[in-house]
Structures are given as C-alpha cells and as structure tokens.
Amino acid sequence: MVKLTMVARVTDGLPLAEGLDDGRDQKDIEFYKQQAKLLFKNLSRGQNEASRMSIETGPYFFHYIIEGHVCYLTMCDRSYPKKLAFQYLEDLKNEFERVNGNQIETAARPYAFIKFDTFIQKTKKLYSDTRSQRNLAKLNDELYEVHQIMTRNVQEVLGVGEKLDQVSELSSRLTSESRIYADKARDLNRQALIRKWAPVAVVLGVVMLLFWVKKKIW
Amino acid sequence: MQPMGNDKPANVPGRPVLPSPAAPQLSTPFISPGPVVGLGASGVPQTTAPFLSSRPITGTQMSDYRSPSPPPPIRYNGPSSPPPPTSYPGQDATIYQQTHATRFPLPAQPGTPLRGPPSVGLPVTPPIGSLRPQPQIPSVPMGPAPQIGTHLSSRSYMPPPLSESSFSAPRPPPQPSLHGYSNVLPRGNMPPSPAETQFLAPRPVSQPPSQQAFPSFHVPPVHASPYHVHQGGVVPPPPPPPLGGPLGYNSREQMQYPNTGPPMGGSLQGLIEEFQSLSVGSAPGSLDHGVDAKSLPRPLNGDEEAIKIQETYPLNCHQRFFRLTTHAIPTSQSLLARWHLPLGAVVHPLAEVPDGEEVPIVNFGPAGVIRCRRCRTYVNPYVTFTDAGRKWRCNLCSLLNDVPGEYYCALDASGRRCDFDQRPELSKGSVEFVAPTEYMVRPPMPPVYFFLIDVSISAVQCGLLEIVAKTIKSCLDELPGFPRTQIGFLTFDSALHFHNLKSSLTQPQMLVVADLDDIFLPLPDDLLVNLSDSRHVVDALLDSLPSMFQDNVNVESALGPALKAAFMIMSRLGGKLLVFQSTLPSLGVGRLRLRGDDLRIYGTDKEHTLRMPEDPFYKQMAAEFTKNQIAVDVYAFSEKYTDIASLGSLAKYTGGQVYHHPSFQATTHQEKLRYELARDLTRETAWEAVMRIRCGKGVRFTTYHGHFMLRSTDLLALPAVDCDKAFAMQLSLEDTLMTTQTVYFQVALLYTSSSGERRIRVHTAAAPVVADLGEMYRQADTGAIISLLSRLAIEKTQSHKLDDARQLMQLKLVKSLKEYRNLYVMQHRLGGRLIFPESLKFLPLYVLSLCKSVALRGGYADASLDERCAAGYNMMILPIRRMLRLLYPGLYKIDENLIKGPEDFEKSLKQLALSAQSLDPRALYIYDDGFSFIIWLGRMLSPDLVNGILGFDLSGFPDLSKLALLEHDNEYSRKLMRIIKRLREKDPSCFQLCRVVRQGEQPREGSLLLSNLIEDQTAGTSSYVDWILQIYRQSQSS
C-alpha cells in the first residue's frame, strides 16, 4: 500500500509534485513527510547516492529512484513488495518525463507541476491491491530486477547530513563566539587604559583648576 | 515646519513694508481678533483687486519677500479688519511672511485650486479670511525639518526642497480641503475662476476679489455685509444652488471659509479650513427652519475616491484595496479621543482591477521572499536602502536588514536602487510574491466544491432543486482549477443521500444513510472526486437529480448531520461547501426552533438574542470547518423563518457568504439564483488563505470586522476569499505620543490560487501623522467611515437592541460634528448653522440611511427577522463602493430615455434624490440598490409605454409580484432592457432582480420602494431635513 508519493528536483530539493491527500488516516504522516524532505535536502547537497535506493524507517520503507535530476519517492508498508513499489515509481517517472520533461530545469516555484497529482492518484489506485491480476503479473515479471537495490536505514542516511549540519553549526558558533571574545578583549583593554591614566588625569585636572582659581582670585 | 507662526512676532517689526497703495482695502485681518471683521471693508471696490492679485503671485520666492526693499505687500485683502492705517506696516509684514510660507506648498498641489468655487464669477463680497499659515503644512506638521528632508531624498515623489520653508510643504494634503488653502494664500488676490492655477502662474490676475467669504452664498454678491448676517445668526435661505449643483449646500465646495477668524494669525492652531455649513434657520429650535431640502448634500455621483491621496503617495496601493477612515493618523491619544468617528481601515485584498492594472507577480526564486527579520514586513516601495545597497531599513520597525546576495543592487546618486524600475515590489504598492516552500504546510490544494442540497418537499416544489442542478451543470466547464478540481454532492431530507461518483461507473450510485445520530461514510472514496475524471458521472447525476426527488414528500431537514457528513468528506482537503437550505433544520444535531415571532421580546434586553445563533452547534461546526480550510456559503430560500442568524454563523466564521432568496419561486427568481450561483462557482477564488495587517510602530489594529476566523490576535484565517469580500478593522494608538511622521500599513494575504500556486499578495500604504484635528477631518474618507460604522452597528445589534445601535451611530455622528464645530465656531460665530468638513458632507445622510437600512430599521414589523439578519451578514462583507450604493441607492428617471432614446444612457441617466418628491406620476423610474432593481410605473404614465414594457395592459390590475420582466418585441422594451443591462454591468458581483411596481399599489409599493426612499419620513424615522435639524441641535447643545 502506497502511503506517500513525492516528486522533487535533485539539484535544489525543490518539490515539484505530491500525491493528493496522501496519508489521510495516519497521524504520524507529518513526521515521515519531514523525513522525506530531509532526504531530498541531503540529496540536493550532492552526496552521491545510488540512483535507486530503499530506506527503512519505522514500520515503513522509503523507495526512491533518481532519473534526470528528478527524485521520485514513495513510502510503503514494510510488507509491500519492493518490486511493485519500484514499478510504480517507474510508471510515474515515465509519465512525468513525458508531460513535463522539458520544463523541469526551469521550474521556479515549488509544486510547479502540482497538476501531476491526478496521475499520481490514479496510478496509486492501480497499485494499491497487491493481489490484483495486473500486479501479480508484474511481480512475476523476471525482467525487472530489484535485488541489487541497496537497503539502508534512515538514521544512517540522515545521520550523514546531521553530522554535516552539526559541524557547520559548530563552526558558525565558533565564529560568533570569537567575535564576542574580540569585542570583550577590546573593551577590557580600554578599561585597563582608563584605570592606568585616570589618576594622572585627575591630578592634572586638579592642578589646572588650582591654577585657574588662583588666576581668578588674583 | 510651521516656522512662520512662530517667527511672526519677531519679524513683524523687522519688515519694512510699505503700505501698499491699496492699503485701505488691505486690512490685515490677522491681527484683528474678530472673525467677522468689518465688512465695512467689504464694500471695497473691486477695482482694487487687481492690484492685489498681481502681487502675491509674483513673489513666490522667499528671497523676494525677505528683500528689504518693500515688496508690495501681498495681500489678502482682508476686508474684514477695519484697516487702521497705522498698523499697516507691521501687519503687512507679517502677512508677508506667511504668505510666502504658504506659497511653497502650492507648486506641489497645483491641481487643487482648480476646484475653485463655482461661484467664481461673482464679484462677491470681499474675502474675509485672514491668512493662515498652517494649512499647507498639514501632513507632516511636526517633525523636525531635517528628517523630512531625508525622506524627501529617499522618495522620488517629493519635490526637491526649495528652501527650508519648503519643508513644510513636502506633502500637500491630498484632499479637496485644499480649496481652503488656495483661498487662503492668495487671499483676495485669487481670482475666483475655477480654472485658476494661478498660484503657480506668475501672471497677475486681475480679478475681482475672490469671494472667499463663506457666507458668500447666501449673500448676493453685491451684498455688502454678509458677515453681519452671520453673526446675527440669521441666515437668509440660500439662493437656489448654483448650476453646478445638485449640491445644495450653500457653499458646497466653493464655500471654503478661509478661516475667517483672523485670530489665528500667527498661531499654529489656526485651523483654517474650509468647511461646509448649512444654515438651519435663524432661531435654532424654532419650528420653521430654514433648511432647504434641495440644498442638502447628496452623493448623486456615486463614491468619489480620494484620488488626491494617490497623488501625494504615488507608491501607495490603489484605494480600491485599502482605505483608511482618515488619511491622517493622530499623533496622540488625546487627539484620537477627540476624533469620535472610528479610526481604522477597510481592506479589499482581492478587489477586481480593470484590465491593464493587474497586480504584478514577483518571483524571488531561491533568494526567498525579502522580509524584515524582526517584524516580518515584506519588502515594499517605502523601504530605504543604505550602505551602498547592502542593507535595507524596514519602514515599519526601522530595523536594518541585510540584502541577500541575490538581491543586491548598487544605488544611484540619489540613494535609489538602480533596478528600481525593473522591480515592481519597489515601485508599486501592490504586488504578488510567489511563495517558496516555507509558506506551505502541504502541497497547494485543488479547488474543491461540495454541494449540500436540501431535497425536502419545499425545495422541490419551489423549483429550487432543478435550477441549482442546471446551474451547476452549466458551470462545470468553467470551474477554476482544471484539471485538479474536485467535486462532490450530498443531498438530504430526513436522511442523508451520498452519491458515489467513481469515474469507472456509468451512472452515479446513491447511498442512503438514515442514522442521524452516528454519522458514518458509506464509502471511503469516491464521494469527492476529480471532476475531469468523473465528468460523465457528475453530468448524469445533475441530470437525474430533479427527477429523482420530484415526488419527495419529506418535510424534514437534517441539516446538522448533513454538515457533519460533509465535513468528514471534505476535511482532508478543505474547499468550498455550498449549502442550499429551504426549510428550518428540524432533525438531528443542530435542529433549530421557530423564534422571532414573539412580538413582546422586541424592545427588551433579550431582543438581540434573536439575532444571535441560538445553537452553539453552528459556531462549533464553523470553527471545525475553518480549521480544515472549508468555507461555507449558505443559500437560504424559505418564505418562512429559517433562522438565518444561526445558519449565517457558518458563513461568518469561515469566510463565506449568505445568499438569501426569501420566498423563492423558480419562475421569478431563477435568473438571480442562477447568476449568483454561477458567479460564486466561477469567480477567481483564493483558497486556504490567511491575512495579516502589519502597521508601523505606535499603532495597532485592535478589532476586525467581516467574515473570517481570528486565528491568533492578528491573523485572519480565510478558508476561501474572493473579490466580493472586504474586511474592516479598527486602529488604536499604543503610545501616548507618536514619534514618527508617517505610519505605514501592509496587508499581506497568503493564499493558494485555483491553479495551484501559492502566492502572497501584499498591499502597502503610508499615511501621515498629524497633530491637528482639522487635518484629520480634512483627510476623512466618508466611504471608509460609513463602511466601518455599519459593521460596528451590525455587531452592536447582536449584543444590544436595534435602537441602541441606531443611537450609537447617531451619537458618533453628533459627537464628531460637535467636535468639529468647536474647532471653528468660536472664531466664526456661525450661530445658526451646522458646519461640517467638506470630506464628511455626506456622512449625516449615510448615517441616516444606515439607521433606515434593512438590518437596522424600525422594530418587529419593519423587516422580517431573517431578512434583517441576512442584510446584516451581507453588510459585513460589502466593499465600500457597494456599501455606498446600498446605503444611497440610485433612482433614475428613464421614461424619456425610452421614448426619445438617446443612445448614450450613461450620460443621460441622472441620479435623483431619494425622496417621494422626485417621483412624478407621469414618469417611469428605476431604483437600484445594488441588490435589486425596482421599476416604478407612475399612475399617469402613458399606456403605450406600459404595454410596451410589460407586454400587457395594466387596466386589468394584474398581479405584478409574479411578473418576470422579459424583452418584448418593441422599441421601449428593448431600450429598457439595454438600460438594465448597462446598470447591471456596473456591479457584476450581484444580479439585480427586476421588480415592477405600480404607483399606488399597496402594500407592495410601500415595502419595495417607499420605505427605501430614505430621505422621506416614514413611521418612526425622520426625514433628511428633520435629521439634519436634529443633528444640528444635538451638536449645538453642549
């Protein structure tokens, strides 16, 4: 059963289309959507990932394929045949490239191809029942091989990105803290200077005052 | 800024001014305390005038003035003060300065003087006015000059500062009030002719002294001493209004009274304003009043938008999107307390724009939308770029923000960005930004339309079901958002009928659920389907619906459960829910009972409960709907009570609309329903929207009025919003004293368009901060004020008696006029006159009309409860233009057009005063309030014409209430239809149903037309003349 379908551009992680009312009866769907978005973000950072991959997360699997700078991602139950899931994505890919192929690079706004959701919806229905004749036939189709597709855990995948995030955060913190330190040092310097010369200045001032008073009085 | 006032004393002695030859006439009113200065002067021969006039004009420059050589004194020949010759030099000098100061502004607002008094030609009595320096400064009165200077530089529209004094003038007040100024400056020299731009024009105008005197009107030109007349308080009835005018006011626009009161001479306070006055009789309170009904002001030319504001603030968004009740924000709370009208704004974010003025769309791409870090203001034309273009300063909170690298652009010499012209967000007040992903919590939703249709016996019998089905079918092709549009249907009587529209079916399947207590959906999918996929099934359903329920005898209506079911179907996506209800909901949750037929409750403290939803179910439901982005439009049809008050709350909290078609009959009302439903379905709609208004430091929007749900303190949730909805809001001052000179407002509407794009529509406007109450009055916008007032009144009726609401309105009006009176009356001794600012001249009429509107009028018998509530819901969303049309409907005499038939209707149709006196029994009239047309046939109208129009003879006294006006094959009928069509085109948001009524045909004539002639006295309400007198008396009494 397909829970979630998203299409995004790999180069910058811009979402292009998404299945309509996906995951209506799931409460945690938002959580997985976030994970999917993180995944896109990681991909757009240019980490060289395989063009086909399955990633396990909780009770589900993300499956995605990357083709022509576009990532097609779906989330299915663990029990859903991997083979079918990838065939589903292939179907989406073929149609998407046929309809929008030449505009993918120029799309400037998010969900520029949201109209594609009607096709996603229709296709999803075809794949929802694993035991329909059509799907059984696909399962038995030996030509489509999914065995060598790698399976990883979502923590691993996102972990890489997280680590990078952490490092960059640390370094930015370092910069800002060092700037604060520099400010403080300058401040201290100034205070030291004042402490050093203030007495002298006061004494001088008093002397001058005396002179002046003297002059006035005389 | 207003240095002159202050300088004056000092300068006076210093200025060597030779007494001008004209000296005798030139009195310097300045000094003279008495406003009504001697008219002795008035007798001044006009010959003197030329001299004077030439003077002022010549020396526009400061330098001239200051030059030691005695420049000819600029005069305003204030005839008023008895000229003591000795005083001359000094006085003149003072005048001098002032005049020069005043001059400056002129260039900025050349146009204004044009409006010159129509009366121009008359060599009227000499102007009495004393000079007031202030007027020019109005808009930016307070700040230190340097600041202003900087502003100037940053804004292109400012005139380059000529000199220091020019500072004061940077923003000439946009208003017509300027007239006042114009008069003031040149003082007598101004030639009265309207064409005068003479300010600018250097050439001497040899004119008779202009008549600025206020009284000018009543006083025949020759009149020697108009003043005295005033003083006495005895005002002769005004002479027939000048040609120009329907405006009967004595002075109408031309009457500006330059402040006659010289006392203000140097003082800043001087409110030189022009105001209008209306003489109400020599002895206030006496029975025979001197009000001439014909001379009262009437908005016969429709709403005139304050174009001046657009001229002074060219970077502001257009007035159609955003209007302040007064385009001048008070500087302190004490000043605000003296402004008794509401301070606020009316926002119409999606107002329809004429072709060619579309709001430009801006896509920032990867840079993201440029916004202020702190207050989240969107970049707009008023932000200033500094630091060579690397930083920008937010105009609302003055925070310095970084310019993202992608958005960087160098600045030119004047501090403007070089790409200023290419970037609409920096040159236009209204833009739409394409929203990046961060502005979406989910992918853009498709347009969703779900129909909840009552199929009980009453709906079937009146033909409602058939028309609704046909109309929906005819609109299917035009529904926005193809190919994503989703559609669904649910019909109900005592049970719920779901319709399976799965695209693989050939015929729709109906699934009936009779269990109303525990609603469940018989199918998980396919109750809401993609229209393009299931089109044939939807067509089949709509074709069969009317016949399916044709023999239904069920009288019950389970609206509550049906709403719940619809909610379950739609909650995933949101969208628009259209409810068609023809009876009182009688089953399941949300059942309502008959109320409102109890006469005794009227006039008691419980009266308002009738206008409030009785059952909290509807409000709760509405809250749920809003949360899930569902907007509800309620169509109510019953002739009997349906509790619109309760049903309407569904629309109220979801950004919807109430369409009330009382006593619906297919034969006569179908066109209206068809048009309105089609418009509802096909107009451009903004989905899942939120709106927020930001404003600069020191002010805050406190209350919001309209149809929406308030999500946090200032975020309006609008599941769907379209071009027919406007919102009003009130402002309050946060600090006791404002520190800035300009306050900025920014309306931002984040929405999903039908095509699936997420956009942010941003309107930005600026308004000056003023310290002068007179300036607030000058900049007041009657349309916005009455729009806000009527919403306040409607809300008041929901917690108080109708009478309280009416009194509140009257009180506000009276207080504001009284305050205004206090500003001027002392100086002017306008004993027996009602005075009010030019900008508010229609306000008394509109308030009267508001009190007589269906929502507020009378008591139990004057309007049915449902009509009252429906009218109330309607008024809450009306844009200003339609509101004004509703409050002062058009009445046109068209029989001549039908007979003679000049091709150009627009020009020949003249709007008449709304009073029975305008009705001539030999003529034919059309009455247009924006919601319906009423055609009134005079008793003595030629039978030919009647036959032509109606297609039959009136002699048989046929029942006209069932009549549907059709085009017949003759010239009259064709012309009439053309006129009607033309009138309808003026307001596409509503279909005006045509009803025909014959003179003397009671009670229809009374209920349809006579009760709407708001200037007439009807039971329990006053006529326009009485109203003015009443207002006058109340504003008199302290």
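The values are calculated or read from the model by the stated rules, or taken from the named source; none is laboratory data. Note that this is a predicted model, so its numbers are computed, not measured. Counting neighbours? That spans all protein chains shown, and the Cβs are built from the backbone with ideal geometry, glycine included. Calculation scope for accessible area: heavy atoms of the full protein, side chains included, ligands and nucleic acids excluded. Shrake-Rupley method; radii C 1.70, N 1.55, O 1.52, S 1.80 Å.
What does the accessible area of B:ASP920 come to, in Å² to the nearest 10, when a probe of 1.4 Å is used?
For B:ASP920, solvent-accessible area is about 40 Å².
Tell me the label-point distance for the pair B:LYS619, B:ARG984, using the 7 Å Cα-to-Cβ offset, in nm and rounded to one decimal.
4.0
Less than 17 Å from a label point 7 Å out along the Cα-to-Cβ axis of A:ASP183: which backbone N atoms in segment B:392-409 qualify, by residue?
Flagged as within label range: B:400-402.
For the residue pair B:ASP953 and B:ALA540, what label-to-label distance in nm results when each label sits 7 Å from Cα along the Cα-to-beta-carbon direction?
Inter-label distance under the simple model: 5.5 nm.
Give me the residues in segment B:747-774 whose solvent-accessible area, probe 1.4 Å, is reduced by at least 10 Å² once all protein chains are included instead of the chain isolated.
B:SER755, B:GLY756, B:GLU757
Mind jotting down the distance between the C-alpha centroids of segment B:506-559 and segment B:309-361, whole Å?
Between the Cα centre of segment B:309-361 and that of segment B:506-559, the gap is 47 Å.
Enumerate the amide H contacts of B:GLU639 below 5 Å, restricted to partners 5 or more residues apart or on another chain; note that Pro and chain-start residues carry no placed amide H.
When sequence neighbours closer than 5 places are left aside, the close amide H contacts are B:SER663, B:PHE664.
Using a/c under 1.5 as the rounded threshold, could you call segment B:545-661 rounded, prolate or oblate? The axes a ≥ b ≥ c are square roots of the C-alpha gyration tensor eigenvalues, and prolate needs a/b larger than b/c, oblate otherwise.
oblate
Any chance you could run the full-extension gain for B:ASP387 through B:GLU358? It's 0.36 nm times the residue separation minus the Cα-Cα distance, nm to one decimal.
7.1 nm
Roughly how large is the A-B contact in terms of buried accessible area, totalled over both chains, probe 1.4 Å, nearest 100 Å²?
The A and B chains share an interface burying roughly 1600 Å².
Kindly state, to the nearest 0.05, the FRET efficiency for A:ASP28 paired with A:SER128, given R0 = 22 Å and r defined as their beta-carbon distance.
The formula returns an efficiency of 0.65 here.
Just give the residues from segment A:106-126 buried by at least 40 square angstrom of accessible area in the all-chains context relative to the isolated chain, probe 1.4 Å, and say none if nothing qualifies.
A:ARG109, A:PRO110, A:TYR111, A:ILE114, A:LYS115, A:THR118
For segment B:637-704 and segment A:159-218, what is the centre-to-centre distance using only Cα atoms, to the nearest Å?
64
What is chain A by shape, rounded, prolate or oblate, if you read a ≥ b ≥ c off the alpha carbon gyration tensor as root eigenvalues and call it rounded for a/c under 1.5, prolate for a/b larger than b/c, and oblate otherwise?
prolate
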